[in-house]
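The values are calculated or read from the model by the stated rules, or taken from the named source; none is laboratory data. Every value quoted in this text rests on a predicted model; they were computed, and no experiment measured them. Neighbour counts run over all protein chains shown; Cβ positions are idealised from the backbone, glycine included. To get the accessible areas, we keep the full protein, side chains included, count just its heavy atoms, and leave off ligands, DNA and RNA. Shrake-Rupley method; radii C 1.70, N 1.55, O 1.52, S 1.80 Å.
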Amino acid sequence: MLKTMRKNTKIVLWLVIAAFIGTIVFAWGMQYTASERMRNYVAKVNGEKISADEYLFYFDRMVRQWESQNPQSELPDDQRAKLHYDAWRELLRNVLMEQQVKQYGLRVTDGEVLEFLQKYYYAVPELTQLEVFQTNGQFDYNKYMTIMNSKDPAAGPFWAQIEALVRPKILEFKLSNAVFSTARVSNQDVVNRYKEFNEYYKVKIVHVRSDQFRTQIPAPTEEELKTEFEKNKEKYRQPERAFIKFVHFKKASGLEDEERAEDNALKIREAVNKAADSAAFAALARLYSDDPTALQNGGDLGWFGRGQMVAAFDSAAFAMKPGELSQPVRTSFGWHLIKLWSRKKGKNGEQVHASHILLKIEPSREGTEQLKTMAENFSRRVGEGGFEKVASEMQLVIDSSNIFTRDASIAGVGLFTEINQFVFSSKPGSTSPVYNVPGSFVVVKVEKHFPAGIPRFDEVKSMVRSDFIRRKTMNLARQKAEGIGQLLQKGTSIDSAAARFNQTVETEHIWGWGAWVPGMGDAPAFLGAVIRAHQQKQRFIPPVPTDIGYVLGELLQYLPYDAGRFAVAKDSTVQSLYQKRRTDAINAWIAQEQRDADIEDYRMEVLGANF
């Protein structure tokens, strides 16, 4: 069946394909010129070339997932940078996996792919979310299987994309078998695993917070701080770090971009105005709309009341009559064409049912090129007149970074290997070439390098002061907690003991692995103390340090796991634990492979304005 599908490429289900692969090429304007495309690949991993399409497949999928979770928000630059980082890491992982798969001579047959799609389809969430496989908004397995078995020649490209996602999952499982086939799980391991999540302890706790003693600590003297520093020098040891200044040239849309988008909206409105019904409108919305949810809902916004949409959209929608199509409406998201289907009055006021088509306003290629030229001009002039002087003359804003390490993200810029390499290989005062980062072009000036080692006292003085005060307040918190503990050991109730020291007993908690308590989080150290108290048949739980003080408590009741339920769940627990150990092992192995790999990153150079 798979071979037949691959051979046939008649485009009938192209809208479905677009929904799945996110119009990989066109959505991100893959129109970079030959001069920008100095290479025909964006990276090399151990000598293997990675194409732009391969990289953008990962990035586009992550963008659309983010947009589907944030339908009313525009993707901010810092989040876009993070998605580039995540896509890069996932791509590297899969490429390294594939290289190891080849080394071990592993293969995936068409039969294995077919079996995976039939039995383990839920492992590909994009698949179950496609509208073509749903009935009343829910995944319909029978419909899914009917379409899979139909051998429709139009579905070839679609199933080829599905196969591209499925094969790495199967190969990863086979690779883990080949590399970690010796993994074992004992019966006691299984019991312990089940107990972790199914046995609980009922406790009362007193959390003696250190901040209550802050006013009792006099301001430390210079001599005290220097003594603190000398005693704990190793604590302040730092890797090599750097500090930079930079100028952003943001890729903002201009008046021409605005007018072009509005003209497109008017042209599209002519076609949309001929739509006979909601189904026809939905088809056009999937074709034209930049709203990522339109691929699934056809632009249908459902029922909404006044104030639920942004002001301009809200005003236009509630001024329309049923069946009417609006003129283009401008909001912060772009231009909208709104189709009003009906109105009704409810308990909370009037509501309308509407659909829309969104056309985002993107900076033109010409505008982006002009911006790049401006950034290059700035970088060139800096060599003649100095970074600060030229920025002032060109009325540009200079931003400063945090102090960062070689492999860390730079505040205001992001994490880009090429920029970090420039910073740490260049002398202070050096100015970088123009870098193309998500949302802008950037030029960097290296301000200062901080060598690896123990910094001078004055460089970490504020940190030493905080540590000094924390140590003092934590000591006072510990002393008070120990005082309460001594009363508990003598038989005093926890409520009376806490009251003697002006502390409060917090609400009784049912405690187990994963339990979350405000101010403490999951607190595994305290849970360990609770378990030890139970094992030693003690009522008193001695003080345990937390991030903000000391906590102690009284064990009220042990709630054991249900042996009958364990017998039922044993097989699934074995599989869960076995899979966890294999996954942890292979993740650690792949992480080491990535550290050892020869990786060359040319994304900025090749993708240009699309990066």
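In this Cβ point-charge picture (+1 for Lys and Arg, -1 for Asp and Glu), the chain has a dipole of about 1520 debye about its Cα centre.
For the range 458-504, applying the loop criterion from DSSP together with a ceiling of 15 other beta carbons within 10 Å to the trypsin sites (Lys or Arg not before Pro) yields Lys490.
At 1.4 Å probe radius, can you tell me the per residue accessible area of the range 255-337 in Å²?
51
Heavy-atom accessible surface of Asp140, to the nearest 10 Å², is about 40 Å², with a 1.4 Å probe and all protein chains retained. On the basis of the beta-carbon distance and an R0 of 41 Å, Gln557 and Thr331 show a calculated FRET efficiency of 0.10. A Förster radius of 30 Å combined with the Cβ-Cβ distance from Lys360 to Lys102 puts the calculated FRET efficiency at roughly 0.15. Binning the alpha carbon pair distances of the range 388-432 at 5 angstrom intervals from zero yields the distribution 5, 19, 24, 26, 15, 9, 1, expressed in whole percent. Compared with the direct C-alpha span, the chain from Phe566 to Ala219 gains 119.2 nm at full extension, assuming 0.36 nm per residue. Remark: the Gln579-Glu112 segment gains 166.2 nm on full extension, using 0.36 nm per residue and subtracting the alpha carbon distance.
Taking the solvent-accessible surface of protein heavy atoms with a 1.4 Å probe, what is the per residue accessible area of the range 447-586 in Å²?
Value for the range 447-586: 56 Å² per residue.
When the Cα positions of Gly564, Ala585, Leu552 are compared along the charge dipole of the range 552-611, Gly564 comes out farthest toward the positive end, with charges on each C-beta of Lys, Arg, Asp and Glu. Amide H of Glu447: which non-local residues (sequence gap of 5 or more, or other chain) have their own amide H closer than 5 Å, using H built in the peptide plane? For Glu447, whose amide H was placed from the backbone, the distant partners under 5 Å are Phe243, Ile244, Lys245, Gly429.
Taking 15 Å as the straight-line reach from the Cα of Lys204, the aspartates and glutamates in range (excluding those fewer than 8 positions away in the same chain) are Asp495, Glu506, Glu508, Glu554. Here the relative contact order of the chain, from alpha carbon pairs under 8 Å that lie six or more residues apart, stands at 25 percent. Summing Lys and Arg as +1 and Asp and Glu as -1 over all other residues whose Cβ lies under 9 Å from the Cβ of Val95 gives a net charge of -2.
Counting only lysines at least 8 places from Lys245 when in the same chain, those with an alpha carbon closer than 29 Å to its own are Lys82, Lys235, Lys372, Lys389, Lys427, Lys445, Lys448, Lys461.
With the simple model of a label 7 Å out from the Cα in the direction of the Cβ, Ser150 to Glu90 spans 2.8 nm. The accessible surface of the chain, taken with every protein chain in place and a 1.4 Å probe, is 49 percent carbon and sulfur. With the cut-off at under 19 Å, measuring from each backbone N in the range 210-238 to a point 7 Å along the Cα-to-Cβ line of Phe501 picks out 210-217. Maximal additional length on extending the Asp596-Met463 stretch stands at 44.4 nm, based on 0.36 nm per residue less the C-alpha distance.
Placing unit charges on the Cβ atoms of the charged side chains and taking the dipole of the range 368-470 about its Cα centre, the candidate lying farthest along the positive direction among Asn377, Val437, Gly453 is Gly453.
Can you classify the range 323-436 as rounded, prolate or oblate using the Cα gyration tensor, where a ≥ b ≥ c are the square roots of its eigenvalues, rounded means a/c under 1.5, and otherwise it's prolate if a/b beats b/c and oblate if not? Intermediate results must be reported in sequence, preceding the final value.
On the way: a/c = 3.75, a/b = 2.50, b/c = 1.50.
Prolate is the answer for the range 323-436, as a/c is 1.5 or above and a/b outweighs b/c.
With a Förster radius of 60 Å applied to the beta-carbon distance between Asn46 and Arg532, the computed FRET efficiency rounds to 0.80. Each label point was placed 7 Å from the Cα along the Cα-to-Cβ direction; for Asn475 and Lys490 their separation is 2.5 nm. Kirkwood radius for the chain, taken over all pairs of different Cα atoms as the inverse mean of 1/r, rounds to 30.1 Å.
In terms of packing, defined here as the mean over residues of other Cβ atoms within 10 angstrom, the peptides 324-332, 202-210 line up highest first as 202-210, 324-332. A straight Cα-to-Cα reach below 19 Å connects Lys321 with the lysines Lys274, Lys339, Lys344, Lys345, residues fewer than 8 places away in its own chain not being considered. Among the trypsin sites (Lys or Arg not before Pro) found in the range 73-108, those both in a DSSP coil and sparsely packed, with 14 or fewer other Cβ atoms within 10 Å of their Cβ, are Arg107.
Taking all C-alpha pairs of the range 428-561, those more than 23 Å from each other amount to 55 percent.
Using only alpha carbons, the range 262-318 has a radius of gyration to Kirkwood radius ratio (Rg to Rh) of 0.98.
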